[in-house]
Amino acid sequence: MRSIWNGAISFGLVSIPIKLVNATENHSISFRQIHLADGGRIRYRKVCEIDEEEVTAAEIGKAYEDADGSVIPITDEDLGALPLPTAKTIEIVAFVPAASIDPLQMDAAYYLSANGVPAAKPYILLREALKRSEKVALAKYALRGRERLGMLRVVDDVIAMHGLLWPDEIRSPEGVAPDAEVKVRDAELDLADALMNTLGEVDMDSLHDDYREAVEELIAAKAEGRSVAPAETAGSGGKVIDLIAALESSVRAAKEARGEEPSAKSEEESANAPVAEVTSLAGRKKSGGTGAKKKATASTKKTAAKKPTPSRAPAKKSAGRSTAKKPAVKSSANTGTSGNSAPSVSSAKKSTPKSGTKSDTKPTAKKARPRKRASA
């Protein structure tokens, strides 16, 4: 790989000669501007505003435009004379935990290569020190006419440097968060957690740029004279959706995409879950409450209708048994000591519910007619 900068890492009194190499590359497809009438290429030409003549790169210099519009020329010699200790040096200023670096500060990434055989040992020393400390190095360096902030860390067996924005270059997020007060329910958080767990982790090497592939396919089709069918794009239209149903549908879709079969419990919950549809939140609350009340009322009525049936049936049977056994006792009590008048079965049944107490003449009741009626 071609180096873009040569210098040294300043590690205390240790100096490590290095070469700076780009760690990333841009794969985006670039387009040219053309004249629609004849397809001619449109090019930019640098023209002086005073004499309106095109100038070459050798005739172009730097200048600073003041607030009043005046131009102050600045030469390369002027910039080279500035007291900039990091002009050719990556000066390490501190070692800090990686978690203390805000990802918002991350900029371009570079690989640092040892420049020559004598640089190998101090290079490896710094690499191993970074590994053992589990920290990153903060450093200052100068590149493309300005001093920059960088972070050094170990990637495999190479020291990599990430360009960092200065802290005052990070804008405050004030006014970006939603102003409305929204309460998130535990059920919604549980579904969001379930969706996160279902999606799980991903192999970073499997991710690719679908849009770039589509552009390449479009270019190939145009070159061959073919037409490409436009892709269908789905949009929400800014409408409010049923969040619970959308989360449940997302969990099911993620499981299906991973080839997982939902459990019996989840299938039952999915069957009872509301269908994800675009609706008003106010309407959802109103309809949900009415349906719940109706369902509860119907369940109560159904339970109330079923309860009396089993309680009355056993009562009748027990009453029947007691009535069959007690007629002789009751009838004998009613006839006194006379054995000539035999009571009928119907009169015994009628006397049973009216007499709330047992007869006091139990011996007489044992000698009464029921035995003779049984033998007859």
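The values are calculated or read from the model by the stated rules, or taken from the named source; none is laboratory data. Model, not experiment: these values are computed from the prediction. Heads up, the Cβs are rebuilt from the backbone with ideal geometry, glycines too, and the neighbour counts pull from every protein chain shown. For accessibility, only protein heavy atoms count, side chains too; no ligands or nucleic acids. Shrake-Rupley method; radii C 1.70, N 1.55, O 1.52, S 1.80 Å.
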Unmet requirement for residue 232, which otherwise passes all of (1) touching a Phe, Trp or Tyr at 6+ places or on another chain (Cβ under 9 Å); (2) at pLDDT below 85: (1)
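Looking at 183, 135 in this structure, which one is open to solvent by 80 Å² or more (accessible area, probe 1.4 Å) and touching a strand residue (DSSP E or B) at 6+ places or on another chain (Cβ under 6 Å)?
Answer to the check: 135.
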Answer residue from the range 138-164, given it is open to solvent by 50 Å² or more (accessible area, probe 1.4 Å) and under 34 Å from the mean Cα position of the chain (by Cα) and is nearest to residue 63 (Cα to Cα) among those: 153
Residue in the range 12-53 that is modelled with the highest pLDDT, counting only those that are open to solvent by 60 Å² or more (accessible area, probe 1.4 Å) and among the small types (Gly, Ala, Ser): 37
One residue from 9, 92 being modelled with pLDDT of 90 or more, among the hydrophobic types (A, V, I, L, M, F, W, C), part of a strand (DSSP E or B) and over 18 Å from residue 144 (Cα atoms): 92
Qualifying residue in the range 273-282 (condition: in a helix (DSSP H, G or I), open to solvent by less than 90 Å² (accessible area, probe 1.4 Å) and at pLDDT 70 or above): no
Residue in the range 104-111 that is within 25 Å of residue 19 (Cβ to Cβ), in contact with a His (Cβ under 6 Å, 6 or more places away or on another chain), open to solvent by 70 Å² or more (accessible area, probe 1.4 Å) and part of a strand (DSSP E or B) present: yes
Pair list, Cβ < 6 Å and 6+ apart or interchain, from the range 150-172 residues that are within 12 Å of residue 23 (Cβ to Cβ) to residues that are basic (Lys, Arg): 159/127; 160/153; 163/148
